[in-house]
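The values are calculated or read from the model by the stated rules, or taken from the named source; none is laboratory data. Note that this is a predicted model, so its numbers are computed, not measured. Heads up, the Cβs are rebuilt from the backbone with ideal geometry, glycines too, and the neighbour counts pull from every protein chain shown. Surface accessibility is based on the protein's heavy atoms, side chains included, excluding ligands, DNA and RNA. Shrake-Rupley method; radii C 1.70, N 1.55, O 1.52, S 1.80 Å.
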Amino acid sequence: MSRVTDIRYVGYAMPDMEAERAFYADTWGLQPVAADDGMAYFKAQGHDEHHVVRLRQDTVSRVDVIALAADTRADVEALHDKVVAAGCKVIFAPQELTSPGGGYGFRFFTPDGLPFEVSSDVARGDHRQMVRWDAVPQKISHIVLHSPDHKAMVQFFIDVLGFKLSDWLGDFMAFLRCNEAHHRIAFLPGPPCLNHVAYDVLTIDDMMRGINRLKKKGTEILWGPGRHTAGNNTFSYFTTPGGFAVEYTSELEDVDFHGHEAQVHVPGPQIMDQWGVGIGGPQTMPHPKADPGLFQPAGI
Ligand SMILES: [Fe+2]
């Protein structure tokens, strides 16, 4: 069955692109990718995905696109057909992509109105073997979204895009996989918007040293450091200058893509955070509000 197999990049718009650009380049630890379209692109050093972040200046802060990978052009076309059959609004049908890295893909709005892209054949970039204490992102780990009907969105990602359910946390947070990683997408209740984008760092030491670098550069930790139960990954949350939440994570568990059986983690003390020594909590994360870009194509 044709399905999504990974996350490629997240495109954001914000009023102060220069501050956001400086954050990703100088503080968060991504590498600029050359482009001549007025937007800023960044890649992660530890993976050959062409780019993981795209920034565009605008008067509003919004998500422009969340780009996902499929294996082949045939998969892109089959997924497009499934998205159309599910009644989604298509932004553009499968075509040769003109963005850096090229490829073949289409864009659509989820039933909630968030813009997604599915693509294949995007050029691969350079990467290197990460080593302990690098303390910069290897690649995107996972993306968490809010939905007014999060159970319906979970079903949409399973039925239409080919994700599999990995775990529930109570009945309010679902974790979905599209490869061996325990989760690549997760859903929470709330107005349609992005909750956060997480980046894998090599080890827990890289996360702790990364926290130190961010603190020195004036970006305080929002929640963490801690270790979640679902996925068993460590976490530390921050916000970018533009107000988007981002995470360093390590040790997200691998599962058998086909055979892993979902379980329900009962909410309780030290379930969201098995250590319980960090600062903050879900209540210190940015308050979710509907993304201003719902059902409005970014146009680029
Ligand atoms: Fe996360």
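For this structure, a couple of remarks:
- Listed by chain and number, the aspartates and glutamates whose C-alpha is less than 17 Å from the C-alpha of residue 151, apart from same-chain residues fewer than 8 away, are 112, 159, 167, 171.
- DSSP-defined antiparallel bridges as percent of all bridges, the chain, nearest 5: 70 percent
- R0 of 22 Å, Cβ-Cβ distance residue 279-residue 26: FRET efficiency to nearest 0.05: 0.40
- Extended-chain gain in nm, criterion 0.36 nm per residue less alpha-carbon gap, residue 131 and residue 265: 44.9 nm
- A rounded overall shape is assigned to the chain, the ratio a/c of its alpha-carbon gyration tensor axes (a ≥ b ≥ c) being less than 1.5.
- Here the simple spin-label model places points 7 Å from the Cα toward Cβ, and for residue 149 and residue 300 these points are separated by 3.5 nm.
- To put it simply, the accessible area of the chain at a 1.4 Å probe is 53 percent carbon and sulfur.
- Per residue accessible area of the range 139-281, 1.4 Å probe, in Å²: 37 Å²
- Mean Cα-pair separation over length for the chain, i.e. relative contact order, pairs under 8 Å, 6 or more apart, %: 19 percent
- Spin-label model, residue 289/residue 92: points 7 Å from Cα along the beta carbon direction are separated by 3.1 nm.
- Anisotropy class of the range 1-138 from Cα gyration tensor, a/c 1.5 cut: oblate
- Separation of the alpha carbons by more than 30 angstrom is noted, of 89/217; 164/217; 139/216; 164/216, for 89/217; 164/217; 164/216.
- The range 39-102 shape via C-alpha gyration tensor axes, a/c threshold 1.5: oblate
- Rounded to the nearest 500, the 222 nm mean residue ellipticity of the chain from helices alone is -4000 deg cm²/dmol, with -39,500 (n - 2.57) taken per DSSP H run of at least 4 residues.
- Peptides ranked, highest mean first, by Cβ atoms within 10 Å: ranges 262-275, 142-155: 142-155, 262-275
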